[in-house]
Amino acid sequence: MSDASDSVELTRDGGVAILTLNRPAVLNAIDAPMAERFLTQVKAIAASGDVRAILLQGNGRAFCAGGDVSQFLAGSDIAAGIEAIMAPLHEALRLLDSLPQPSVACLHGAIAGGGFSLALACDLAVAADDARFTMAYARIGATPDLGGTYRLARLVGQRKAREIALLAETFGAEDALKIGLVNRVVPAAQARDEALALARKLAAGPTGAYGRIRTLLTEAPDADLADHLDAERDAFRETTATADFREGVTAFLEKRSAAFTGR
């Protein structure tokens, strides 16, 4: 088991909170202490009053190779060992999903298993041209976690999702772009700068409206149209009461760029 103290680093770039997976020697494979540290850092983001966007990245040669498989059979109680990894990660992802701040994933090297699911949890994704994706779970006779099955079909459709999950084949960044799994593919040396630039752009936007947009898009696939129209109406009414809405409309009429504050 690793020392969790620096296994997930939290730094800031203005309004952007940067979460860095930091076990590079094992391609950022997630063990129980790292999972707990990830939850701690997400709670810190949630408690901060001035975070406007989130960037998730991995240190070293890969974004994340998934769960630390070497730990799965390390103890006598396999279920308890896996739960020690899964429970804090699921709590962290539920919390992230409830926040208004949009998130960007910076993906390079291996994006596998739990790392694949973590990437799906972000709103936008920038992939380096050396990125290699595999859902991987079926290779060890397991099923996906961390919301992987919830989000994958929403992004790529049922037929493609079944191919990715059942065959567990590896594919590259350009294929990920073609099926809508990532938003942009850039040379590996530019990936972090591109992802940070995107996160900075989001951090300068209307945070409250972003949160409502994210919720509406998440709920839409399972919603009745009449109910969803009501939800859109309610969300629009809520945004019109914000300072950002007033600034946005004023800037539009004055033909200038809006200076949003996230309020």
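FYI, it's all coordinate maths here, none of it is from the lab. These numbers were taken from a predicted model, which means no experiment stands behind them. Cβ sites come from the backbone with ideal geometry, for glycine too, and all protein chains shown count toward neighbours.
Only one residue of 125, 98, 205 has its Cα farthest out toward the positive end of the dipole of the chain, where Lys and Arg carry +1 and Asp and Glu -1 on Cβ, and that residue is 205.
Going by average Cβ density within 10 Å per residue, which order do the peptides 85-94, 62-71, 185-194 take, highest to lowest? All intermediate terms of the calculation are to be shown ahead of the outcome.
Details: 85-94: 19.2, 62-71: 23.2, 185-194: 15.7.
Ranking the peptides 85-94, 62-71, 185-194 by packing returns 62-71, 85-94, 185-194.
Highest average first, the peptides 27-39, 5-17, 224-236 ordered by how many other beta carbon atoms sit within 10 Å of their residues are 27-39, 5-17, 224-236. With neighbours defined as other Cβ atoms within 10 Å of a residue's Cβ, the residues 23, 151 order from fewest to most as 151, 23.
Under 5 Å from the amide H of residue 67 lie the amide H atoms of 30, 114, 115, each residue being 5 or more positions distant or on a separate chain, with H modelled from the backbone and absent for Pro and chain starts. The helix-only estimate of mean residue ellipticity at 222 nm for the chain, built from DSSP H runs of length n ≥ 4 each weighted as -39500 (n - 2.57), is -14500 deg cm²/dmol after division by the residue total. Between amide H atoms placed 1.01 Å from N, distances below 5 Å from residue 13 occur with 18, all of them 5 or more places distant or on a separate chain.
Pairs of Cα atoms nearer than 8 Å and 6+ residues apart set the relative contact order; for the chain it is 17 percent. Bridgeable aspartates and glutamates around residue 43 (alpha carbons under 17 Å apart, same-chain partners fewer than 8 residues away excluded): 6, 9, 91, 97. If you take the beta carbon distance between residue 47 and residue 197 as r and set R0 to 25 Å, what does 1/(1 + (r/R0)^6) give as a FRET efficiency, to the nearest 0.05? For R0 = 25 Å, the calculated efficiency reads 0.45. For the chain, the share of DSSP beta bridges that are antiparallel, to the nearest 5, is 30%. Remark on the stretch 4-203: Rg and Dmax equal 15.6, 48 Å (Cα only).
Report the charge-dipole magnitude of the stretch 207-253 in Debye, nearest 20, computed about the Cα centre from +1 at each Lys and Arg Cβ and -1 at each Asp and Glu Cβ.
Numbers: 5 positive and 10 negative charges, 59 e Å.
Value, rounded to 20: 280 debye.
Scanning residues 5 or more positions from residue 185 or on other chains, those with amide H under 5 Å from its amide H are 127, with H placed 1.01 Å from N in the peptide plane.
Here the Karplus relation 6.51 cos²θ - 1.76 cosθ + 1.60, evaluated at θ = phi - 60°, turns the backbone of the stretch 86-92 into coupling constants of 6, 4, x, 5, 5, 4, 5 Hz, with x for every Gly and Pro.
Converting phi to 3J(HN,Hα) with the Karplus coefficients 6.51, -1.76 and 1.60 and the offset θ = phi - 60°, the stretch 123-132 yields 5, 10, 9, 10, 10, 6, 6, 9, 5, 10 Hz in sequence order, with x at every glycine or proline.
What the phi angles of the stretch 204-211 give under the Karplus curve with 6.51, -1.76 and 1.60, with θ = phi - 60°, is a coupling list of 8, x, x, 4, x, 5, 4, x Hz, glycine and proline written as x.
When the dipole is taken about the Cα centre of the stretch 118-183, and only Lys, Arg (+1) and Asp, Glu (-1) are charged at their Cβ, what size is it in debye, to the nearest 20?
Values: 8 positive and 8 negative charges, 64 e Å.
Result for the stretch 118-183 is approximately 300 debye, rounded to the nearest 20.
Put a plus charge on the Cβ of each Lys and Arg, a minus charge on the Cβ of each Asp and Glu, and nothing anywhere else: the dipole of the chain about its Cα centre is then about 620 debye.
Give me the distance between the Cα centres of the stretch 217-232 and the stretch 31-91, rounded to whole Å. Taking the Cα centre of each part, the stretch 217-232 and the stretch 31-91 sit 31 Å apart.
List 253, 167, 152 from most exposed to least, where exposure is judged by having the fewest other Cβ atoms within 10 Å. Write down the numbers at each step before the final one.
On the way: 253 8, 167 12, 152 22.
Listed from fewest to most nearby Cβ atoms, that is 253, 167, 152.
Positive-end ranking of 27, 115, 84 along the dipole of the stretch 4-203, with charges on Cβ about the Cα centre, is headed by 115.
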